[in-house]
Amino acid sequence: MVRLIHSLTDMQEAAADAIAAHGQWCVNQYGCFIWLLCGGSTPGPIFRLLSEAPYSKEPFWRKTHFYWGDERCVPPDSELSNFRMARENLLDRLHIPDSRIHRMAAEQQDLDLAAKQYESILPAVPDLVLLGIGADGHIASIFPGSPALRETKRRVMAVEGPQYVQSRCRMTITPLVLLEARKVLVVATGADKAAVVMRALRIEGDVNKTPARLAHDTDWLLDGAAGKEIIEEAKREIKRR
Ligand code: 6PG
């Protein structure tokens, strides 16, 4: 389901609501909430909202285990680290114990071994995979043309991103994990995402060029700016009728 919420702050609040509601539902149903986080700038404000009342008071946090969908090959205290961004905006503020934080050790020398080790601790059925979307159409660290798009066995792998990304060396989940997840939520804000959101959600398209099409039929939460081309297309469709 694609939800477009014009105001950025309202969209961020809706994302926090959706995550908290799903987290509580999973704890009620299964006794825990396995949440794969993402990096980038979009989720930061959403994490911050979740770390404050009323969300911070929710009981499901005590049964939540935090994993990552991707990580850069940097130390966990690097300003490029997805783990550090989540620690500063959410985990420390909720006082989550280390026992329930399972970061990707992507700073390891032997990244293939580290990916194998991470795969061995990643639960078979994640309850939620939270994704941002890059302007080039990547999700997690599955970039256009990535070998991860053709992976049929591994659930976590070492990849090298394109020249234009920060920290080309990455660890990422593969599309298999998206297929296993109970819920995938893609969050996108800002006018610079309007074109790629359209490419990801239109009926036809090439996953190799726009990996976000892997999440084509999952849940999307957009602010007005990121949803602009979707709205324009819907208006054109109505005029054509
Ligand atoms: C990463 C992220 C990545 C991110 C997109 C969108 O490690 O870079 O996991 O997949 O979600 O690049 O990033 P923004 O939210 O900053 O646009």
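The values are calculated or read from the model by the stated rules, or taken from the named source; none is laboratory data. None of these values were measured; they are calculated from a predicted model. In this analysis, Cβ positions are derived from the backbone assuming ideal geometry, glycine residues included, and neighbour counts consider all displayed protein chains. Only protein heavy atoms, including side chains, enter the accessible area calculation; ligands, DNA and RNA are left aside. Shrake-Rupley method; radii C 1.70, N 1.55, O 1.52, S 1.80 Å.
Brief remarks follow.
- Looking only at residues in the range 22-46 that are more than 23 Å from Ala124 (Cβ to Cβ) and part of a helix (DSSP H, G or I), the one that is nearest to the ligand (Cβ to nearest atom) is Pro43.
- For the range 185-193, the condition holds for at least one residue, the condition being that it is within 30 Å of Phe33 (Cβ to Cβ) and assigned to a loop (DSSP other than H, G, I, E, B).
- When each of Glu180, Glu119, Glu151, Glu160 is tested for being over 26 Å from Gln12 (Cβ atoms), open to solvent by 30 Å² or more (accessible area, probe 1.4 Å), acidic (Asp, Glu) and under 16 Å from the mean Cα position of the chain (by Cα), the lone residue that passes is Glu180.
- Of Arg72, Arg87, Arg62, all but one fail to be over 30 Å from Asp110 (Cβ atoms) and modelled with pLDDT of 95 or more; the exception is Arg62.
- Hits in the range 68-92 (condition: more than 14 Å from the ligand (Cβ to nearest atom) and open to solvent by 30 Å² or more (accessible area, probe 1.4 Å)): Pro75, Asp77, Arg87, Glu88, Asp92
- Residue within the range 141-148 that is touching a residue at least 12 places away in the same chain (Cβ under 8 Å), outside any loop (DSSP other than H, G, I, E, B) and either open to solvent by less than 20 Å² (accessible area, probe 1.4 Å) or within 16 Å of the ligand (Cβ to nearest atom) (or both) present: yes
- Those residues of the range 29-54 which are aliphatic (A, V, I, L, M) and touching a helix residue (DSSP H, G or I) at 6+ places or on another chain (Cβ under 6 Å), in sequence order: Leu37, Ile46, Leu49, Leu50
- Qualifying residue in the range 159-179 (condition: touching a residue at least 12 places away in the same chain (Cβ under 8 Å), away from the ligand (no atom under 15 Å from the Cβ) and not basic (Lys, Arg)): yes
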